[in-house]
Each structure stands twice: as structure tokens, then as C-alpha cells.
Amino acid sequence: MRLAIEQARMGDRRPGAGEVGCVIVRDGQLVAAAFNEAELRHDPTAHAEIVALRRLGEQWKTTEFRGCTLYCTLQPCGMCTVACLWAKVSRIVYGATREDVHSMYFDTRHFSTVDLIHDAFRDDIQITGGVLADECSKLYYRPQDDPPPQEQKNR
Ligand SMILES: [Zn+2]
């Protein structure tokens, strides 16, 4: 998770990139790392998790990542959660939860992506949230903050 936080900080410093970081690990080895590149690439799907999965797919020439754990600084959105399901990722670990950050970071107001995993077609994927949550939360606007409208993606 500390490596994911490092990615998030790199994303935050790079103009056009975003402050969400992600790493993928298998057998204790870092196999992919990314930050949000949506604005940078003019690609709304270029969330950190998707960028990391694409990088790994290109490297391994596969679309299945069994045995991999994906770490993300923020609870993955619906798109990224379902991408992990299709990619056969074994475990998702995230830092800041929906309760820790402003609602602008989520695609729905009430639906938690954790439910997607519980209702998924796979029962061999685990999801764990709140790892280094305090540290991860500091990367984002908090629930009580009033972010500028131009920064709110889900308006
Ligand atoms: Zn996402």
C-alpha cells in the first residue's frame, strides 16, 4: 500500500494526472504500478487500476491475473471493480473507504462497490478495505470538505 501511495503522490504532482495510486503484486513481487491518467490521456477509463491492469496485460500477454493482489489508495469505482472481476484478480486491497473521503470520488451515492464483489459471478475474489486508511485519506478531500466545482467529477 505504501507503494500505491507513492504512485498517488506521483500522479498528484504530474499535471493532468490524478492522485489515485495502484500497484499489482504477485508472489510478493511488484508487477505493475500506475496512477490515474484519465485527464492526461483524455481517456475516462484511465483510472489507476485500469492503467495498471493494461500494463500488466501488455507485459504478460494475457487477460487473466490469478494470484495477483491489486492495491489501490482509494476504494475502486464500479468500472475498476468489475475490471478486476474480469481480469481474475485474486484480491483487491484498498486504503481510503467511501466513509473517509468526499462523495465526489464515487460514481454512485449509495451503492458500494464492495457489494459488486459479494454479488459477483466469482466467489474466489477477496476485497479488503481500510488498509492505511488514514494515510490514504490525506490524499483526498474529506467528507466535510467543500471542493471547488471544477474539481468535482461526478456532478
Ligand atoms: Zn475506477
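The values are calculated or read from the model by the stated rules, or taken from the named source; none is laboratory data. Values in this document were obtained by computation on a predicted structure and should not be read as measured data. Reconstructed Cβ throughout: ideal geometry from the backbone, glycine too, with neighbour counts over all protein chains shown.
Table: residues versus (1) over 16 Å from the mean Cα position of the chain (by Cα); (2) at pLDDT 95 or above.
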{"residue": "Cys22", "(1), (2)": "no, yes"}
{"residue": "Arg26", "(1), (2)": "yes, yes"}
{"residue": "Ala34", "(1), (2)": "no, yes"}
{"residue": "Ile50", "(1), (2)": "no, yes"}
{"residue": "Ala83", "(1), (2)": "no, yes"}
{"residue": "Val93", "(1), (2)": "no, yes"}
{"residue": "Met104", "(1), (2)": "no, no"}
{"residue": "Leu116", "(1), (2)": "no, no"}
Quick check on the range 113-122: of everything there that is assigned to a helix (DSSP H, G or I) and out of contact with any strand residue (DSSP E or B) (no Cβ under 7 Å at 6 or more places or on another chain), which residue is farthest from the ligand (Cβ to nearest atom)? His118
Which number in (1) in contact with a Ser or Thr (Cβ under 9 Å, 6 or more places away or on another chain); (2) over 23 Å from Gly18 (Cα atoms) marks the one condition that Met79 misses? (2)
Flagged in the range 40-55 as closer than 15 Å to Gly21 by Cα and not acidic (Asp, Glu), in numbering order, are Leu40, Thr45, Ala46, His47, Ala48, Ile50, Val51, Ala52, Leu53, Arg54, Arg55
Yes/no for Gln126 being out of contact with any helix residue (DSSP H, G or I) (no Cβ under 9 Å at 6 or more places or on another chain) and of a type outside the set (Val, Ile, Thr): no
Taking only pairs six or more apart or across chains, which ones have beta-carbon atoms under 9 Å, a first residue in the range 111-138 that is within 18 Å of Cys77 (Cβ to Cβ) and free of Cβ contacts under 8 Å to residues at least 60 places away in the same chain, and a second residue that is charged (D, E, K, R) and outside any loop (DSSP other than H, G, I, E, B)? Ile125/Arg91; Ile127/Arg91; Thr128/Arg91
